[in-house]
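Read-outs: derived from the displayed coordinates by stated rules, not from any lab. Everything quoted here is computed from the prediction, not taken from an experiment. Cβ placement follows ideal geometry from the backbone for every residue including glycine, while neighbour counts extend to all protein chains displayed.
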Amino acid sequence: MTSRVLNLGLMKAVSDFKHISQQLSRFEDDLESNRAVRDQGGGSPQLEQDITRLEKIVEILSQDKFCYEAQILRDGAFLQRALSFYRLMILWSVNLVGGFKMPLPSQCPKEFACIPEHFLDDAMDLLVLTSRIPKALESFVLDDFLSFIIMFMGSTSYIKNPYLRAKMVEVLNCWMPQRSGLNSTASLFEGHQLCLDYLVGNLLKLYVDIEFTGSHTQFFDKFNIRHNIAELLEYLWDVPSHRNAWRQIAKEEEKGVYLNFLNFLINDSIYLLDESLNKILELKEIEAEMANIVEWERRPAQEREERLRVFHQWENIVRFDMRLANEDVGMLAFTSEQIPAPFLLPEMVERVASMLNYFLLQLAGPQRKSLTVKDPEKYEFKPKQLLKQVPYCHHLCPYLKGRQGICLLSCNLERWQSIQ
């Protein structure tokens with residue numbers, strides 16, 4: 001009964017607050033883009049009407065957001081009482097499966113399967129909210145929540161909804177010491193035995209599982225979710241105990257989950273870099289159009305505005321995709337340096353060689369000069385850094401000698417070495 005009341009009351013308000021915040025962010029981005037179009041020469045009556053309309057929407061949504069913040073976020077004691085209730089609910093749920101023990105029973109108990117999903121979903125939503133308010137978590141013990149998340153985050157038989165499991169990653173992401181602002185969260189990741197034993201493995205498993213969510217937006221959703229997972233994995237890599245667990249998983253699951261993880265990581269790296277570089281070429285084309293002032297001014301105002309809108313839209317896409325590409329290539333770099341064996345499996349060697357060829361062709365090949373834009377840092381485009389991070393040149397090429405696929409590498413190694 002209490003859970004249902006919270007679901008209809010507090011958590012409905014939290015959901016509305018989240019929705020308003022997301023809407024406000026989108027409209028602020030649209031307003032900024034329209035103002036940028038105006039500043040760059042667009043000035044049609046329609047554009048001015050759009051800016052005025054967006055300013056009014058932003059003002060209304062800002063007022064709504066402040067009202068929710070005043071009502072919800074400033075009452076830390078109330079939020080802690082709600083967290084205490086959800087902690088008890090978590091303990092009750094865990095008792096249904098035999099307590100805080102891993103691995104979970106192979107068969108999901110009917111009692112656990114009958115728990116309404118919103119019981120757990122609401123708990124995660126409240127944790128995400130309060131994790132962004134340091135005062136709300138002061139002196140609050142989070143160990144039970146952490147144990148619950150680790151136990152169920154990687155289990156499709158217990159929690160079938162991939163988005164609920166992804167929300168658990170979002171909670172952990174908020175708890176990273178560099179983000180939470182709380183010293184106590186470091187001990188959660190670095191001193192909690194269940195965390196040390198199972199967190200990395202379950203994150204890798206979820207990274208693979210999230211490829212197929214069943215949603216019509218699954219292709220784009222996976223990048224946001226994997227971004228959260230990648231940030232966590234990068235942090236955990238610097239913790240010796242977690243790094244050792246990672247090595248053990250790579251050894252035990254060399255042809256299972258870990259191989260799938262590497263394949264998806266390579267796929268994402270290639271896709272994101274390819275999308276980013278193609279959009280950079282299109283951005284450069286529009287930059288060239290604007291640089292020819294005489295021809296640019298001859299165009300109808302509406303056409304100029306449309307091109308500027310496209311320009312700013314692509315800027316945002318490139319910035320996001322390039323950030324994720326840098327992240328993925330960085331993860332390939334540090335994992336291949338310390339754990340080269342999975343990359344050298346017969347089924348991986350050709351993929352490794354093909355990916356290296358692709359990276360080198362894009363970043364050091366004949367078209368590299370065409371990727372020069374006015375402000376590459378604005379798009380987080382760092383070709384020299386990417387070239388240094390391309391892992392296989394540094395770490396895997398010595399191992400590849402005499403193996404299938406080395407012929408694919410040889411043609412570009414000399415080019416890469418000359419750049420270095």
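Remarks
- Both radii were evaluated on the Cα set of the chain; the Rg over Rh quotient, with Rh as the Kirkwood radius, amounts to 1.01.
- Residue order, fewest to most beta carbons within 10 Å, for Lys205, Lys384: Lys384, Lys205
- If R0 is 41 Å, the Cβ-Cβ spacing of Glu282 and Arg132 corresponds to a FRET efficiency of close to 0.70.
- Among 224-232, 53-61, the order from most to least packed when residues are scored by Cβ within 10 Å on average: 224-232, 53-61
- Here the extension length gained between Arg74 and Asn7 equals 22.1 nm, from 0.36 nm per residue of separation less the Cα-Cα distance.
- Each stretch of four or more DSSP H residues adds -39500 (n - 2.57); spread over every residue of the chain, this sum gives -24500 deg cm²/dmol at 222 nm.
- FRET efficiency, Asn267 to Asp221 (Cβ-Cβ, R0 25 Å, nearest 0.05): 0.95
- Counting other Cβ atoms within 10 Å as a rough exposure proxy, the listed residues Lys388, Lys369, Lys222 run Lys369, Lys388, Lys222 from fewest neighbours to most.
- Space enclosed by the convex hull of the alpha-carbon atoms of the stretch 279-342, per residue, Å³: 79 Å³
- Cut-off 15 Å, label 7 Å out along Cα→Cβ of Gln367, residues of the stretch 266-285 by amide N: 270-285
- Note on the chain: with a GNM built from Cα contacts shorter than 10 Å, the maximum mean-square fluctuation among Asn161, Asn292, Asn326 falls on Asn292.
- Taking 0.36 nm per residue of separation and subtracting the Cα-Cα distance, full extension of the segment from Asp144 to Arg319 would add 59.3 nm.
- Length gained when the stretch Ser62-Glu297 is fully extended (0.36 nm per residue, less Cα-Cα span): 80.9 nm
- Between Val200, Val37, Val352, the GNM of the chain built on Cα springs shorter than 10 angstrom shows Val37 fluctuating the most.
- The lysines whose alpha-carbon is closer than 25 Å to the alpha-carbon of Lys384, local same-chain residues fewer than 8 away aside, are Lys279, Lys284, Lys369, Lys374.
- Computed over the alpha-carbon pairs of the stretch 75-252, the distance histogram in 10 Å steps reads 9, 38, 39, 14, 0 percent, short to long.
- For the stretch 9-24, 3J(HN,Hα) per residue [Karplus equation, 6.51 cos²θ - 1.76 cosθ + 1.60, θ = phi - 60°, Hz, x = Gly/Pro]: x, 4, 6, 5, 5, 4, 4, 4, 4, 4, 5, 5, 4, 5, 4, 4
- Selected from Ile280, Ile115, Ile317 as most flexible by GNM, with the chain as the system and alpha-carbon contacts under 10 Å: Ile115
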